[in-house]
Amino acid sequence: MRKFMSTAVAAIALCGSLGLTAGQATAVTNTTGGAASEVVALAAKPSCVKVRETTNPQGYELAKVHNKCDYDVKLKAVFKGGWDSSCHKVKAGKKRNFMSSQPWTEFDKMVTC
């Protein structure tokens with residue numbers, strides 16, 4: 001019984017440390033700016049931001065964004081199997097393209113940053 005309890009406690013602790021809970025925002029630490037680091041919370045894009053996925057002639061994944069919101073938004077493209085884009089402000093009513101820097105990646109989602 002004692003062995004079962006210790007295994008159960010370890011499994012619960014592992015699940016908690018892996019972040020296997022629903023509905024949480026993800027925090028990313030930016031350590032490229034020297035000694036001080038900045039924590040940025042990533043969340044889903046607003047519904048008024050429209051994204052169209054396409055591929056350019058060289059084979060790179062491209063996300064074409066149109067901000068149809070009444071306000072500016074900061075967005076970041078997330079790619080599977082490669083580096084994500086940097087965070088860019090897209091002004092209200094404007095368009096912007098987010099492209100992967102690697103041809104083998106696949107567009108995953110657009111998030112706020």
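Overview of values
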{"item": "Residue among THR31, THR26, THR21, THR7 that is surrounded by fewer than 12 Cβ atoms within 10 Å (Cβ to Cβ), of a type outside the set (Asp, Glu), under 13 Å from THR112 (Cβ atoms) and at pLDDT below 55", "result": "THR26"}
{"item": "Answer from TYR60, TYR71 - the residue that is open to solvent by 70 Å² or more (accessible area, probe 1.4 Å) and either over 19 Å from SER100 (Cβ atoms) or not β-branched (Val, Ile, Thr) (or both)", "result": "TYR71"}
{"item": "Selected residue (criterion: surrounded by the fewest Cβ atoms within 10 Å (Cβ to Cβ)) from residues of the stretch 34-56 that are hydrophobic (A, V, I, L, M, F, W, C) and modelled with pLDDT under 90", "result": "ALA35"}
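The values are calculated or read from the model by the stated rules, or taken from the named source; none is laboratory data. Source: prediction; values computed, not measured. For neighbour counting, all protein chains shown are included, and Cβ atoms are generated from backbone atoms with ideal geometry for every residue, glycine included. Heads up: the accessible areas ignore ligands, DNA and RNA and are worked out on the full protein's heavy atoms, side chains in. Shrake-Rupley method; radii C 1.70, N 1.55, O 1.52, S 1.80 Å.
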